[in-house]
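> Here you go, one structure.
Derivation of every value follows stated rules applied to the coordinates shown; laboratory data play no part. Since the structure is predicted, the reported quantities are computational estimates derived from the model, not experimental observations. Glycine also receives a Cβ, built like all others from the backbone with ideal geometry; neighbour counts cover every protein chain displayed.
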Protein chains: 2
Amino acid sequence: MSQVVAITRNGVNTEQLYGTLDAIKDDPSLGIFQFRAHNHWIDGAHNRSTIKSFYGAGQEDSTRIQEFTVDAGEPAILLGTDTGPNPAEYLLHALAACVTTSLVYSAAARKVNLTMVESTLEGDLNVEGAMGTNTVDFRNGFTEIRMSIRIAGDAPADKLREVVQRGTDRSVVFDSISGGVPISVDVTTV
Amino acid sequence: MSQVVAITRNGVNTEQLYGTLDAIKDDPSLGIFQFRAHNHWIDGAHNRSTIKSFYGAGQEDSTRIQEFTVDAGEPAILLGTDTGPNPAEYLLHALAACVTTSLVYSAAARKVNLTMVESTLEGDLNVEGAMGTNTVDFRNGFTEIRMSIRIAGDAPADKLREVVQRGTDRSVVFDSISGGVPISVDVTTV
């Protein structure tokens, strides 16, 4: 009898990681994914997204049992009652989470055992754009996002920096925000 | 004695809304905002952001009492254990939440009373880019995001569509994702 020993590094099953890469190389159609979110307005700046279903690896996912619920809001100065982080803050969270996961997976593939990954993100904007008081001088969105990453592990500093570089190079959200994504909007009035 | 009656529409205090717009017109420096998130890796695809402080309207905010905590994860097919929505899904949530809040505020300013706003978002990507198995044919990020909005209120369909248009036109996150934002990364090895 053969014995299969799962090799987990940084909490990532590297056998499954390599197996996934091989499977997609064999059948590129498995690489097609679609993620989804459904949002409904509650009151004022308070709205809620429910997140569960997605398509990937050739089929609708059937493994995710739980439906996630995330609430958004605004602080008082932006006319809300702090019912959750605001949408701009969620954008920063999405970026931080994606770069972190990408670099953790990259480290696992490169046999680097990490002990700490932390990041602090700052996003600058002038709300005159979004508020419509001065749309000439200001865009609506962030003008710049800065990400400071602290990382520790059992590899030399250069190798840890390579892992971070790979994390940003391969991150879905980093690329989406830095490169931009076309968004189409369809409206139904009820 | 004069009596001040707050006029709340769609859960938005419109007196405060107009007051904020006037204050920024009088002193444009009040429009400068900086939002922040701090993230730390827990294990595998599990990481957590804490969100509280921000700068805006000429000062560090002191009104937000609560620190928000949001957890990210990945489903099994992407080597995680569903510890939260994944980062790409959070990006969709950020977009949905921002457009919703923008259009709700816009409706309040235009004296439209809304009874329902719902949106369904789909984001397409091929993970071959992010996984590195085919970086020639595929980008890492979303290739397209589609947003379907359902809206109801006490205004004709044309007016409701105008409100949605204003919501997307003025949304911080819509503009950030559709137009792209430069991201700088600073790394410290510990």
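> Across 5 Å bins from 0, what is the distribution of all Cα-Cα pair distances for chain B, in whole percents?
With a bin width of 5 Å, the distribution comes to 1, 6, 10, 13, 17, 17, 13, 9, 6, 4, 1, 1, 0, 0, 0.
> Classify segment B:48-87 as rounded, prolate or oblate, taking a ≥ b ≥ c as the square roots of the eigenvalues of its Cα gyration tensor: rounded when a/c is under 1.5, otherwise prolate if a/b is larger than b/c and oblate if not.
Values: a/c = 6.81, a/b = 3.46, b/c = 1.97.
Prolate shape, in that a/c is at least 1.5 and a/b is the bigger ratio.
> Further, regarding this structure: Give the long-range amide H neighbours of B:D82: residues separated by 5 or more places, or on another chain, with amide H under 5 Å away, using H modelled in the peptide plane at 1.01 Å from N.
Distant-sequence amide H within range of B:D82: B:E74, B:A76.
> Moving on to the next point. Taking the rotation axis that maps chain B onto chain A, which residue of B brings its Cβ closest to that axis, and at what distance in whole Å?
B:G180, 2
> Please figure out what share of the DSSP beta bridges in the protein assembly as shown is antiparallel and state it in percent, rounded to the nearest 5.
Numbers: 70 of 84 bridges.
Taking every DSSP beta bridge within the protein assembly as shown, about 85 percent pair in antiparallel fashion.
> I've got another one for you. Let a ≥ b ≥ c be the square roots of the eigenvalues of the Cα gyration tensor of the protein assembly as shown; is it rounded (a/c under 1.5), or, if not, prolate (a/b larger than b/c) or oblate? Walk me through the intermediate numbers first.
Values: a/c = 2.23, a/b = 1.65, b/c = 1.35.
Prolate is the answer for the protein assembly as shown, as a/c is 1.5 or above and a/b outweighs b/c.
> Now for a different question. Sorted from shortest, what are the nm distances separating the label point of B:T50 from equivalent points in the other copies, each placed 7 Å from Cα along Cα to C-beta?
Reported distances to equivalent positions: 3.2 nm.
> Next question. Other chains' Cβ within 10 Å of A:152-164 residues: what's the mean? Write out the running numbers ahead of the final one.
Working: counts 3, 2, 0, 1, 1, 4, 1, 1, 4, 3, 0, 2, 5.
Per residue, the number of nearby Cβ atoms from other chains is 2 on average.
> Could you give the semi-axes, largest first, of the ellipsoid that matches segment A:36-133, computed as the square roots of 5 times the alpha carbon gyration tensor eigenvalues and rounded to whole Å? Could you put the intermediate results ahead of the total?
Details: eigenvalues 184, 96, 28 Å².
Calculated on Cα positions only, the semi-axes equal 30, 22, 12 Å.
> So, one more: Can you give the average number of partner chain beta-carbon atoms within 10 Å of each beta-carbon in peptide B:49-56, as a whole number?
Working: counts 12, 2, 8, 4, 0, 9, 2, 5.
Partner-chain Cβ atoms within 10 Å, mean over residues of B:49-56: 5.
> Here's another thing I want to ask about it. What is the set of long-range amide H partners of A:T188 at a cut-off below 5 Å, with H atoms built 1.01 Å from backbone N?
The list, which skips near neighbours in sequence, is B:I149, B:R150, B:I151.
> Let's test the formula: R0 of 30 Å, r as the Cβ-Cβ distance of A:D27 and B:T50. What FRET efficiency results, to the nearest 0.05? Kindly include the intermediate steps, with their values, before the conclusion.
Numbers: r = 40 Å, r/R0 = 1.34.
The calculated FRET efficiency here is 0.15.
> Mind checking B:107-116 for the average number of partner chain beta-carbons within 10 Å of each residue's beta-carbon? Write out the running numbers ahead of the final one.
Values: counts 0, 2, 1, 0, 0, 0, 0, 2, 2, 3.
Across the residues of B:107-116, the mean count of other-chain Cβ atoms within 10 Å is 1.
> Please order A:S119, B:S178 by the number of other Cβ within 10 Å, starting at the fewest. Intermediate values should be presented prior to the final figure.
Values: A:S119 27, B:S178 17.
With the fewest neighbours first, A:S119, B:S178 line up as B:S178, A:S119.
> Enumerate the helices in chain B for which the Kyte-Doolittle hydropathy averages -1.0 or more and the C-alpha atoms extend at least 20 Å along the helix's axis, using complete DSSP H runs.
Values: long enough: B:87-109 (33 Å, 1.08).
Length and hydropathy pass: B:87-109.
> Run the label-point distances for A:V185 please: 7 Å along Cα to Cβ, every other copy, nanometres, shortest first.
Nearest to farthest, the other copies are at 3.1 nm.
> Between copies, how close do the A:L21 label points come, placed 7 Å along Cα→Cβ, listed in nm from shortest?
For A:L21, the inter-copy label distances come out at 5.4 nm.
> Taking amide hydrogens as modeled 1.01 Å from N in the peptide plane, which residues meet the under 5 Å criterion relative to A:I42, leaving out close sequence neighbours?
Excluding prolines and chain starts, which carry no amide H, the hits are A:N47, A:R48.
> Measure off 7 Å from each Cα along the Cα-to-Cβ vector at B:T143 and A:R110, then give the distance between these two points in nanometres to one decimal.
Simple spin-label model gives 2.9 nm for this pair.
> Distance between the C-alpha centers of segment B:128-181 and segment B:57-121? Whole Å please.
13
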